Amino acid sequence: MASGDNMDNIAKIKQSIEHIVDPSFGKSLKETDGIKHIAIDDEKNAVTLVIGVKKVDDQTKQQLTRSLAKIIKIDLGYRGMKIDFQRVIDEESLLNKGRDIKYIGVASGKGGVGKSTVAANLALALTRLGKRAGIIDADVYGSSIPTIFDMEIVLPKANADEKIIPFTHEGIEIISTEFFLKDNKPLMWRGPMLGKMLNHFFEDIAWHQELEYMIVDLPPGTGDVAMDIQKLIPQSKMLIITTPHPSASHVAIKAGYAAKELNHGLLGVVENMSYFRHNGDTIQIFGEGGGAEVAKRLETDLIAQIPIGQPESGHHSLFGMEEPIGVDYLGLANKLIKSL
Ligand SMILES: Nc1ncnc2c1ncn2[C@@H]1O[C@H](COP(=O)(O)OP(=O)(O)OP(=O)(O)O)[C@@H](O)[C@H]1O
Ligand SMILES: [Mg+2]
């Protein structure tokens with residue numbers, strides 16, 4: 001147990017080093033709350049520090065080690081010093097700091113049920129309702145947001161602060177894993193690499209200051225990407241997409257449970273390819289009841305049923321907001337605005 005003296009000495013060390021500027025943030029350790037732990041080994045007359053930094057690179061480590069050694073060893077007279085550098089997420093550059101961004105994670109379990117189509121048209125509908133929306137295409141295994149928006153695949157540019165400038169289409173800010181791939185290779189990254197890429201999306205992108213809604217198109221399934229997203233945006237709420245068919249709905253239930261386990265709130269279930277409108281009739285092509293079943297099992301609501309159909313404009317994926325399916329998307333957007 002730390003003795004009273006020890007406590008005093010720890011407080012003294014803290015006070016003496018908190019003005020030191022962490023070059024990875026350009027701020028003092030006090031401002032960054034970078035002093036994570038201080039311990040004194042009386043026998044060895046040595047100090048152990050855990051310092052949180054944004055980038056654990058050589059320059060940061062060297063600069064901080066030098067400044068800290070000067071105070072700990074020279075000014076305060078300890079013989080030894082050991083520093084553990086830990087990477088912390090820069091709260092301020094996380095998109096939500098001081099702002100009120102609402103995250104809508106779009107998940108499905110099964111692939112090909114229309115997750116990306118719903119994500120894109122939902123963003124359009126939010127924009128049409130006067131909201132500023134962005135899309136993070138985090139579907140590293142099969143990104144399709146750039147295709148949906150007919151975007152050229154080029155590396156985005158960086159601004160003066162070395163933040164990546166997202167592309168803007170139809171008033172929607174968009175960033176996709178696909179812009180960062182070489183030679184169009186499918187991304188088979190797991191764990192840390194994937195986490196890094198996603199980190200990048202959340203920290204190093206110059207999103208518009210007034211962005212209100214961030215739609216995250218998630219990869220199908222419930223694996224490690226979901227975990228990464230949970231860590232990065234614990235406040236993200238999930239929209240579960242399914243089709244009426246039982247093969248999709250039972251996987252969607254799993255995705256919903258995974259989201260719940262990660263403490264993500266559920267926004268509701270969207271049943272896509274729900275039915276076909278024909279001469280005023282509705283025809284159930286892919287079966288019936290999948291969406292309602294998923295909602296029931298997940299104890300949430302079925303908040304939209306989007307029929308099978310093509311945009312009247314001839315575009316492959318984006319609907320005009322005045323045509324019937326566009327109106328369905330406006331309805332969905334309205335519900336989400338109210339519930340968020
Ligand atoms: N309501 C709909 N009516 C007709 N076609 C649709 C509908 N929704 C999606 N589609 C089509 O189904 C295909 C799959 O849709 P989409 O790419 O949005 O699914 P996804 O769940 O994102 O798939 P993936 O798992 O590959 O990411 C696309 O060709 C899309 O245009
Ligand atoms: Mg997709």
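The number of residues in segment 130-162 being loosely packed, with under 15 Cβ neighbours inside 10 Å and away from ligand 2 (no atom under 16 Å from the Cβ) comes to 10.
Yes or no, residue by residue, for (1) in contact with a Gly (Cβ under 8 Å, 6 or more places away or on another chain); (2) hydroxyl-bearing (S, T, Y); (3) in a helix (DSSP H, G or I):
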position: D5; (1), (2), (3): no, no, yes
position: Q15; (1), (2), (3): no, no, yes
position: S24; (1), (2), (3): no, yes, no
position: K30; (1), (2), (3): no, no, yes
position: G52; (1), (2), (3): yes, no, no
position: K61; (1), (2), (3): no, no, yes
position: L64; (1), (2), (3): no, no, yes
position: I72; (1), (2), (3): no, no, yes
position: M81; (1), (2), (3): no, no, no
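In segment 102-115, the residues that are in contact (Cβ under 8 Å) with a residue 24 or more places away in the chain and farther than 12 Å from L267 by Cα form Cβ pairs under 7 Å with partners that are more than 6 Å from ligand 1 (Cβ to nearest atom) and of a type in the set (D, E), at six or more places apart or across chains, as follows: K115/D217. Each residue in segment 103-117 was checked for being more than 9 Å from ligand 2 (Cβ to nearest atom) and under 18 Å from the mean Cα position of the chain (by Cα), and 5 pass. Within segment 285-299, does at least one residue satisfy the condition of being in contact with a helix residue (DSSP H, G or I) (Cβ under 7 Å, 6 or more places away or on another chain) and closer than 22 Å to K102 by Cβ? Yes, segment 285-299 has at least one match. For residues in segment 32-48 being in a loop (DSSP other than H, G, I, E, B) and more than 37 Å from the chain's Cα centre (by Cα), which is nearest to Q63 (Cα to Cα)? Among them, the one singled out is N45.
One residue stands out in segment 274-322 among those that are assigned to a helix (DSSP H, G or I) and away from ligand 1 (no atom under 15 Å from the Cβ): the one that is surrounded by the fewest Cβ atoms within 10 Å (Cβ to Cβ), namely K296. Whether a residue is buried (at least 18 other Cβ atoms within 10 Å of the Cβ), farther than 30 Å from A252 by Cβ, modelled with pLDDT under 95 and of a type in the set (D, E) was assessed, and D58 does not pass this test. Checking each residue in segment 297-308 for being over 14 Å from T243 (Cβ atoms) and not hydroxyl-bearing (S, T, Y) picks out R297, L298, E299, D301, I303. A search for C-beta distances below 9 Å between a residue of segment 291-305 that is under 15 Å from G109 (Cα atoms) and any residue that is among the basic types (K, R), counting only pairs 6+ apart in sequence or on different chains, returns L298/K260.
The values are calculated or read from the model by the stated rules, or taken from the named source; none is laboratory data. This structure is a prediction, so every number in the text was calculated from the model and none was measured. Because the Cβ atoms are built from the backbone with ideal geometry, glycine has one as well, and the counts that use them run over all protein chains shown.
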